[in-house]
Amino acid sequence: MLIFAGRRLLQAIPILFGVTLVIFGLVHIAPGNPIDMLMPPEASPEIIAQMKAAYGFDKPLHIQYLRWLGRAMTGDFGLSVFNSAAVFGQLVTALGNTLVLALLAALLGFSLGIGLGLVAALHHGRWLDKLLSAIATAGVSLPHYWTAIVLVLFFAVFRDWLPAQGMGDDALPLYQRLEYLVLPVITLSLIPMGVIGRMVRATVLDILNQDFIGALTAKGLTRGPVLRHVVKNAAPPVLALMGLQFGYLLGGSILIETVYNWPGTGNLLNLAIFRRDIPVLQATILVLATFFVLLNLLVDIAQAAIDPRIRR
């Protein structure tokens, strides 16, 4: 097991290196320079040159990349071009807010998805299967941002039951601050619920039709032990999908955080794109991509622990 984990860890290193190349290259494709966008028209060429030198934009791209990579490996992402604040501090705060949102959405979405998929598979072909499958399909099909707007209109504008935006003041009681989580968590959980639900249903149905299930039933095993065998065999592919979906929750929440004005990495990334704040943009994408790679690594190790055949 340790050999397998070490081999997968070594394979992740060149992937992360390739990610840094892609991130650095993509943010420099757009024409122009962020310093030129921030400086007033009357700024002298000398001042503009000094600002470019201060942020390293006067160096060739390969020199900029090597310097950026060296600093990033130590956790130094430089200063924001927009407000001159440390990128690391902004990123840590935003990442903490996004993790709270993603963890709660994953807990809700994965639990509902597994439950829906399992119940639908066990009632295959009946009205309950069709109903739950329709719910899962709706969860996958509805656009995030549209669902968020509809929920805000109904629960915040028309009914005034829940707050529409933000995450609340630190001075508020805990139960009032939790109200700010309800709508974004529900919105974010819909897609993983639908994806996991459909995957669990298809996987469980496939396993139930295999010969060893009939053999276990013929031996006299009751429904409970048979279901434990089904769940154990269905776990590896579902676990892999859960890891991918959690990565998408971390990196794909930009529209949701924008609609709900949630100060997470998605909102930070959106602001960095509009401001062309390259240090913030590079750091945010790099951290999210690193999380995604590490999540896949952990999922692979967990799959190998559940199913020893994967280690071969």
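The values are calculated or read from the model by the stated rules, or taken from the named source; none is laboratory data. Here the structure is a predicted model, which is why all the values come from computation and not from measurement. FYI the Cβ positions are ideal-geometry reconstructions off the backbone, even for glycines, and counts take in every protein chain you see.
Details
- Residues of the range 74-98 that are surrounded by 13 or more Cβ atoms within 10 Å (Cβ to Cβ) and polar (S, T, N, Q): Ser80, Gln90, Thr93, Asn97, Thr98.
- Among residues of the range 129-140 being crowded, with 17+ Cβ neighbours inside 10 Å and of a type in the set (Gly, Ala, Ser), the one that is nearest to Leu183 (Cα to Cα) is Gly139.
- Residues considered: Phe77, Phe24, Phe17, Phe57. Of these, the only one that is in contact with a Pro (Cβ under 8 Å, 6 or more places away or on another chain), assigned by TED's automatic domain parsing to the domain that holds Phe291 and modelled with pLDDT of 75 or more is Phe77.
- Among the candidates Ala121, Ala105, Ala148, the residue that is under 15 Å from Arg201 (Cα atoms) and in the same structural domain as Leu249 (by TED's automatic domain parsing) is uniquely Ala121.
- Across the range 103-143, the qualifying residues are those that are hydroxyl-bearing (Ser, Thr, Tyr) and under 20 Å from the mean Cα position of the chain (by Cα), and the one among them that is nearest to Arg228 (Cα to Cα) is Ser111.
- Filtered residue count, the range 141-154, keeping only those that are surrounded by fewer than 16 Cβ atoms within 10 Å (Cβ to Cβ) and in a helix (DSSP H, G or I): 7
- Within the range 57-112, the set of residues being small (Gly, Ala, Ser) and not in a helix (DSSP H, G or I) comprises Gly75, Gly78, Ser80, Ser84, Ala85, Ala86.
- Some residue of the range 276-285 being surrounded by 22 or more Cβ atoms within 10 Å (Cβ to Cβ), at pLDDT 80 or above and within 12 Å of the chain's Cα centre (by Cα): no
- Among the residues of the range 42-87, those that are of a type in the set (Gly, Ala, Ser) and over 27 Å from the mean Cα position of the chain (by Cα) comprise Ala43, Ser44, Ala49, Ala53, Ala54, Gly56, Ser84.
- Taking each residue of the range 276-297 that is closer than 20 Å to Leu9 by Cβ and among the aromatic types (Phe, Trp, Tyr) and looking for partners that are in a helix (DSSP H, G or I) and at pLDDT below 80 with beta-carbon atoms closer than 8 Å, six or more apart or interchain, yields Phe291/Gly247; Phe291/Leu250; Phe291/Gly251; Phe292/Gly247; Phe292/Leu250; Phe292/Gly251.
- Any hit, the range 163-178, residues being on the phi < 0 side of the Ramachandran plot, surrounded by fewer than 11 Cβ atoms within 10 Å (Cβ to Cβ) and at pLDDT 75 or above: no
- Of the helices (runs of 4 or more DSSP H) lying entirely inside the range 209-275, those containing at least 2 residues that are surrounded by fewer than 17 Cβ atoms within 10 Å (Cβ to Cβ) and at pLDDT below 70 are 211-218, 223-251.
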